[in-house]
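Worksheet: the structure to be examined is printed underneath.
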Amino acid sequence: MGREGGYYLFCLDHVRQFNASYNYFDGWSNADVEAFQKDAVTGHRPTWKTGSDGERASGHKGGFGRAFEDPHAFLTGRLGRAGTPARKLKPLERKSLEALGLAEGSDRAEIKARFKELVKRHHPDANGGDNRSENKLREIIQAYNYLKQAGLV
């Protein structure tokens, strides 16, 4: 056909007939059609892999997989620095950290490590089914789940 963008004035019956006979991919090879279908998934726009490619020491990633600097520390308040809280803790977050025996400035790795340690220590199998230990384990799991939900883990 080769007349994309041209207009025809057809009655409804002839529109149906024309549409049934029209093939956009007429003359294309199977490989070309498959490539078109693959690109159609992303709207024929380029894509980049996600991950640590291009990540710099600052830990911030820019759009399209490129790393960028944060010279004015705009993101530091959101992402936090080692040893300082990223934001002011809510009372339940503070209480959950206390249940795990951690300070306010604890980072993800410290919270996870402490959780694993306490679960092993207070698990009923390790304490002969002691109810006090079982209750403490419930408290620890509940505190960890809340911290996870709040985005601190």
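The values are calculated or read from the model by the stated rules, or taken from the named source; none is laboratory data. Note that the coordinates shown come from a computational prediction; the quantities given were computed from them, not determined experimentally. With ideal geometry, Cβ positions are generated from the backbone for all residues, glycine too; neighbour counts draw on all protein chains shown.
Evaluate the range 108-120: report whether one residue or more is at pLDDT 90 or above and in a loop (DSSP other than H, G, I, E, B). No, because not a single residue in the range 108-120 is at pLDDT 90 or above and in a loop (DSSP other than H, G, I, E, B).
Contact map, the range 15-27: residues that are in the same structural domain as GLU4 (by TED's automatic domain parsing) paired with residues that are surrounded by 10 or more Cβ atoms within 10 Å (Cβ to Cβ) and in a helix (DSSP H, G or I), Cβ distance under 8 Å, separation 6+ or inter-chain. Pairs shown: PHE25/ASP32; PHE25/VAL33; PHE25/PHE36. Selection of the range 77-93 for residues being modelled with pLDDT of 70 or more and surrounded by 15 or more Cβ atoms within 10 Å (Cβ to Cβ) yields LEU89, GLU93.
With respect to GLY105, determine if the residue is out of contact with any Gly (no Cβ under 6 Å at 6 or more places or on another chain) and in a loop (DSSP other than H, G, I, E, B).
Values: out of contact with any Gly (no Cβ under 6 Å at 6 or more places or on another chain): no; in a loop (DSSP other than H, G, I, E, B): yes.
Criteria not met by GLY105.
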